[in-house]
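Down below is the structure, laid out as structure tokens.
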Amino acid sequence: MAGVAASVERVKDRATGLDKFVLREARGSSVEVYLYGGQVTFWKNNFGHQLLFVSNKATFKPPKAIRGGIQICFPQLGSHGVLEQHGFARNRFWSVDESPPPFPVATSNCHIDLILKSSQEDLKIWPYSYEFRLRVALSPRGDLLLTSRIKNISSDGKPFQFTFAYHTYFSVSDISEVRVEGLETLDYLDNLQSKNRCTEQGDAVVFESEVDKVYLSAPQKIVIIDHEKKRTLVLRKEGLPDVVVWNPWDKKAKAMPDFGDDEYKNMLCVGAAAIEKPISLKSGEEWLGKQEISAVPSSYSSGQLDPEVIRRMHTI
């Protein structure tokens with residue numbers, strides 16, 4: 001596709017009947033974003049590899065959330081609050097934001113702007129007026145950038161708090177061959193032990209059983225190394241201090257109707273989040289949170305990343 005201009009196209013998915021946007025960059029990368037949930041479900045890099053996991057049993061039938069891709073968890077993550085699991089943003093139909101306010105920093109021309117506003121239905125369960133603007137952008141080199149801007153637009157001056165996460169399902173070759181770096185020595189909340197606060201002891205996070213953790217005050221860059229695929233995923237975040245790490249393993253996988261019994265072997269959730277300290281917004285205030293992910297070929301030996309990986313980590 002060299003020499004072909006970047007494009008953004010709205011289509012109706014034949015299999016699901018749902019509207020989505022397809023973003024394509026000139027070098028071959030592409031992204032698919034559904035209006036339902038404002039959810040990215042597909043991200044292909046310049047080498048033609050699908051980097052996100054979507055379950056073969058995902059339903060794509062509202063009001064059920066789509067199992068996979070990048071779920072927008074707002075105004076709460078998991079059970080960290082009084083609302084339904086992961087809040088309601090991932091279960092709502094978003095609209096195209098025809099005239100978004102200027103961004104503080106320029107992003108790629110290959111992007112789509114979506115907006116979600118509080119509805120009468122939402123106000124019954126979460127009585128606050130907000131505007132949630134989401135930009136999904138694809139860079140010329142195939143990096144995927146999600147930028148969320150949430151504004152308190154209440155007319156009564158009422159402040160509100162929320163927790164948030166980009167619940168990102170990555171496609172991996174074999175979960176037992178994957179390691180996550182950048183989280184070592186950090187404190188985390190273990191959701192399998194009633195949110196008990198613990199400290200990561202290993203020199204990297206590896207996977208041998210079910211994991212459901214929130215790592216606190218994590219660095220801006222996290223690295224996910226897939227040995228078998230010889231691929232390194234670099235996640236960079238802004239405005240989101242925490243990182244969620246999740247894999248259901250075999251027992252929980254079998255209990256989920258929209259998830260294959262053995263699919264846990266080929267997926268891993270790692271996403272930027274704000275959970276331990278909820279975001280507080282007064283009337284008129286706006287919050288911004290970003291997650292940028294890139295994929296580069298890598299080999300991993302004796303704790304050393306390829307020079308190309310290091311270069312990309314410092315330039316994204």
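Among all residue pairs at least 6 apart or on different chains, which show Cβ distances below 6 Å where the first residue, located in the stretch 148-166, is over 27 Å from PHE53 (Cα atoms) and the second is among the acidic types (Asp, Glu)?
LYS151/GLU131; LYS151/GLU286; ASN152/GLU285; ILE153/GLU131
Filter the stretch 105-135 down to the residues that are within 23 Å of VAL234 (Cα to Cα) and either surrounded by fewer than 16 Cβ atoms within 10 Å (Cβ to Cβ) or touching a His at 6+ places or on another chain (Cβ under 6 Å) (or both) and list them by number.
If the condition is that a residue be within 23 Å of VAL234 (Cα to Cα) and either surrounded by fewer than 16 Cβ atoms within 10 Å (Cβ to Cβ) or touching a His at 6+ places or on another chain (Cβ under 6 Å) (or both), then VAL105, ALA106, ASN109, ARG135 are the ones that fit.
Considering only the stretch 264-290, how many residues are in contact with a Ser or Thr (Cβ under 6 Å, 6 or more places away or on another chain) and not in a strand (DSSP E or B)?
Final tally of qualifying residues: 1.
Could you tell me which numbered condition CYS198 fails, if it satisfies all but one of (1) without any contact (Cβ under 8 Å) to a residue 24 or more places away in the chain; (2) open to solvent by 50 Å² or more (accessible area, probe 1.4 Å)?
Going through the list (1) without any contact (Cβ under 8 Å) to a residue 24 or more places away in the chain; (2) open to solvent by 50 Å² or more (accessible area, probe 1.4 Å), CYS198 breaks only (2).
List the strands (runs of 3 or more DSSP E) inside the stretch 134-236, counting only whole elements, that have at least 1 residues being among the basic types (Lys, Arg).
Fully inside the stretch 134-236 and qualifying: 144-152, 178-181, 196-199, 211-215, 221-226.
Take the residues of the stretch 157-203 that are of a type in the set (Lys, Arg) and within 22 Å of the chain's Cα centre (by Cα): which is modelled with the highest pLDDT?
ARG179
Picking from VAL206, VAL178, VAL223, VAL234, which residue would you name as being open to solvent by 60 Å² or more (accessible area, probe 1.4 Å), farther than 24 Å from PHE88 by Cα and among the hydrophobic types (A, V, I, L, M, F, W, C)?
Residue meeting the stated conditions: VAL206.
Can you tell me which of THR41, THR16 is modelled with pLDDT under 95, under 26 Å from GLY87 (Cα atoms) and either open to solvent by less than 40 Å² (accessible area, probe 1.4 Å) or not acidic (Asp, Glu) (or both)?
The unique qualifying residue is THR16.
Give the residue that is farthest from ALA6 (Cα to Cα), with candidates limited to residues of the stretch 97-133 that are in contact (Cβ under 8 Å) with a residue 40 or more places away in the chain and among the aliphatic types (A, V, I, L, M).
ILE125
Residues that are more than 16 Å from CYS110 (Cα to Cα) and in contact (Cβ under 8 Å) with a residue 60 or more places away in the chain: find the strands (runs of 3 or more DSSP E) completely inside the stretch 3-85 holding 3 or more of those.
70-73
The values are calculated or read from the model by the stated rules, or taken from the named source; none is laboratory data. These figures come from a predicted structure and were not determined experimentally. Counting neighbours? That spans all protein chains shown, and the Cβs are built from the backbone with ideal geometry, glycine included. Note: accessible area is taken over every heavy atom of the protein model, side chains too, but ligands, DNA and RNA are not part of it. Shrake-Rupley method; radii C 1.70, N 1.55, O 1.52, S 1.80 Å.
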